[in-house]
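Engineer: Before I ask anything, here is the structure I am working with.
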Amino acid sequence: MIALKNVHLAYSAAGRSIPVLSGASLCVSQGESVAIIGPSGSGKTSLLLVLTGLETPDSGSVTFDGIDLHAQSKDARADLRRDRIGIVFQNFHLIPSLTARENVALPLDIAGADNARGRAATLLERVGLGHRMDHYPNAMSGGERQRVALARALIHQPALMVADEPTGNLDNQTGDAVADLLFELNQENDATLILVTHDPALAARCQRQVRLHDGQLKPADA
């Protein structure tokens, strides 16, 4: 489903080139669940941006379901994310002028899908926010906004689900419910699931764990 081959990425800061990925390679099969672990600042979020076509590597390749991601135009990558990839960011990226239900329905509205608001309401109920669906983001807690972002990322039943610390802003009970939803959809839809997490219990629920260290990905037990 997704393959990185010898990916390099560096950022420039204060006139210096700071390497983030240094020959990172990873293959993830359709329907597989993989946890990416590693210390803060090791480049895990940058890796997810490269995986989903939001960041262009300096060299190497990223293939999604046989498509060379970075050979596509910016618009083509955006269409691919809209139709087949669900991304849960740490900082939510909700639109403040839209209610929770409108935020969740947005990907379906853009795609011209039927019953977008009804499907959004159903998913918000599933993440425990049925009573908050007509509230705006600035009236919601961080944990509630996280669940809205999760619902928006999953509304179109993506083939690839990518989540950056999906339970990091949630209490234990809510975090467990969100994790349950991710793994249920992973199994129900045969969707690929890639998580970045510092939570050992969440990582252990995945079929495989890989560690990002010194810009490279290796099995967690290596």
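The values are calculated or read from the model by the stated rules, or taken from the named source; none is laboratory data. Quick caveat: nothing in here was measured; it's all calculated off a predicted structure. Cβ coordinates were reconstructed from backbone atoms using ideal geometry, including for glycine residues, and neighbour counts include every protein chain displayed. Keep in mind that these areas ignore ligands, DNA and RNA; they rest on the heavy atoms of the full protein, side chains included. Shrake-Rupley method; radii C 1.70, N 1.55, O 1.52, S 1.80 Å.
Engineer: Identify all residues within the stretch 45-54 that are in contact with a helix residue (DSSP H, G or I) (Cβ under 9 Å, 6 or more places away or on another chain), in a helix (DSSP H, G or I) and open to solvent by 10 Å² or more (accessible area, probe 1.4 Å); write none if there are none. Show your work before the answer.
Structural biologist: Just the residues of the stretch 45-54 that are in contact with a helix residue (DSSP H, G or I) (Cβ under 9 Å, 6 or more places away or on another chain), to begin with: 50-54.
Narrowing further to those that are in a helix (DSSP H, G or I): 50-51.
Selection gives nothing.
Engineer: Can you name every residue in the stretch 55-71 that is touching a strand residue (DSSP E or B) at 6+ places or on another chain (Cβ under 6 Å) and either under 11 Å from LYS5 (Cβ atoms) or in a strand (DSSP E or B) (or both)?
Structural biologist: PRO57, SER59, GLY60, SER61, VAL62, THR63, PHE64
Engineer: Let me ask you something else. Got a number for residues in the stretch 6-44 being modelled with pLDDT of 90 or more, open to solvent by 10 Å² or more (accessible area, probe 1.4 Å) and of a type in the set (Val, Ile, Thr)?
Structural biologist: Of the residues in the stretch 6-44, 2 are modelled with pLDDT of 90 or more, open to solvent by 10 Å² or more (accessible area, probe 1.4 Å) and of a type in the set (Val, Ile, Thr).
Engineer: When the residues of the stretch 122-136 are narrowed to those that are touching a Lys or Arg at 6+ places or on another chain (Cβ under 6 Å) and modelled with pLDDT of 90 or more, which ends up least open to solvent (accessible area, probe 1.4 Å)? Break it down stepwise before answering.
Structural biologist: Step one: list which residues in the stretch 122-136 are touching a Lys or Arg at 6+ places or on another chain (Cβ under 6 Å), which gives 127, 129, 133.
Keeping just the survivors that are modelled with pLDDT of 90 or more gives 129, 133.
Numbers: LEU129: 1, MET133: 19 Å².
Restricting to residues being touching a Lys or Arg at 6+ places or on another chain (Cβ under 6 Å) and modelled with pLDDT of 90 or more, the top hit is LEU129.
Engineer: For the stretch 102-121, which residues satisfy the criterion of being open to solvent by 40 Å² or more (accessible area, probe 1.4 Å) and under 18 Å from the mean Cα position of the chain (by Cα)?
Structural biologist: The one that is open to solvent by 40 Å² or more (accessible area, probe 1.4 Å) and under 18 Å from the mean Cα position of the chain (by Cα): LEU106.
Engineer: I'd like to know if the stretch 180-200 contains one or more residues that are open to solvent by less than 30 Å² (accessible area, probe 1.4 Å), over 24 Å from LEU4 (Cβ atoms), within 13 Å of the chain's Cα centre (by Cα) and modelled with pLDDT under 90. Before you say what the answer is, go through the steps one by one.
Structural biologist: At the first step, the residues of the stretch 180-200 found to be open to solvent by less than 30 Å² (accessible area, probe 1.4 Å) are 181-183, 185-186, 191-197.
Adding the requirement that they be over 24 Å from LEU4 (Cβ atoms) leaves 181.
The next check asks that each one be within 13 Å of the chain's Cα centre (by Cα); those that pass are none.
Looking through the stretch 180-200, none of the residues is open to solvent by less than 30 Å² (accessible area, probe 1.4 Å), over 24 Å from LEU4 (Cβ atoms), within 13 Å of the chain's Cα centre (by Cα) and modelled with pLDDT under 90.
Engineer: Moving to a separate point now. Just give me the residues in the stretch 137-179 being over 20 Å from SER33 (Cβ atoms), modelled with pLDDT of 85 or more and surrounded by fewer than 18 Cβ atoms within 10 Å (Cβ to Cβ), in sequence order.
Structural biologist: ASN138, ALA139, SER141
Engineer: Would you say SER17 is touching an Asp or Glu at 6+ places or on another chain (Cβ under 9 Å) and either under 30 Å from GLY143 (Cβ atoms) or of a type in the set (Ser, Thr, Tyr) (or both)? Please lay out each step first, then the result.
Structural biologist: Details: touching an Asp or Glu at 6+ places or on another chain (Cβ under 9 Å): no; either under 30 Å from GLY143 (Cβ atoms) or of a type in the set (Ser, Thr, Tyr) (or both): yes.
No.
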